[in-house]
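What follows draws every value from the coordinates through simple rules; no lab data is involved. Every value quoted in this text rests on a predicted model; they were computed, and no experiment measured them. Backbone-built Cβ (ideal geometry, glycine too); neighbour counts: all protein chains shown.
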Amino acid sequence: MAKLDEVKEILNTLRIAMSIAFGVLVVLIGNVIKRYDDAKVDIIFWTGVVSTFLIILIIALIVLKLSDKTKEIKDL
């Protein structure tokens, strides 16, 4: 039963991390769009664009890890 509890705790942590990442993504995209609308296409804008893609990649990795851990629960 301890292994099952451990996997469930990891799943909860990954879900929280994914929620935080989605929140950061929404705020970041909003700020990138605001800078674009204000015609401020500078280094901060491009840093935001690159960061957006990085966060999307991180979210994809978290989803893959969630899937693996969910399958692990099925095997327990």
(Q) About the Cα centre, and with charges only on the beta carbon of Lys, Arg (+1) and Asp, Glu (-1), how big is the dipole of region 2-71? Nearest 20 debye, please. (A) 180 debye
Q.
Along the charge dipole of region 2-71, pointing to its positive end and built from +1/-1 on Cβ of Lys, Arg, Asp and Glu, which listed residue (F22, S51, N12) has its Cα farthest out?
A. N12
Q) Summing -39500 (n - 2.57) over the DSSP H runs of n ≥ 4 in the chain and dividing by its residue number, what mean residue ellipticity at 222 nm do you reach, to the nearest 500 deg cm²/dmol? A) -33000 deg cm²/dmol
Q: Among the trypsin sites (Lys or Arg not before Pro) in the chain, which ones are in a DSSP loop with at most 15 other Cβ atoms within 10 Å of the Cβ? Mind listing them?
A: K40
Q) Candidates (i) 45; (ii) 51; (iii) 21; which is the computed percent of Cα pairs over 20 Å apart? A) (i)
Q. What FRET efficiency do you get for S19 and D68 if R0 is 25 Å and r is their Cβ-Cβ distance, rounded to the nearest 0.05?
A. 0.85
Q: Note the full-extension length gain between D38 and V26 as 0.36 nm times their separation in residues minus their Cα-Cα distance, in nm to one decimal.
A: 2.5 nm
Q) Residue by residue, what Karplus-based ³J(HN,Hα) values in Hz, rounded to whole numbers, does region 57-73 have, using 6.51, -1.76 and 1.60 with θ = phi - 60° and x for Gly and Pro? A) 5, 4, 4, 4, 5, 5, 5, 4, 5, 4, 4, 4, 5, 5, 5, 5, 5
Q. FRET efficiency for L11 and L54, Cβ-Cβ distance as r, R0 = 22 Å, nearest 0.05?
A. 0.40
Q) For the chain, what relative contact order do you get, as a whole percent, if you take Cα pairs closer than 8 Å and at least 6 residues apart? A) 52 percent
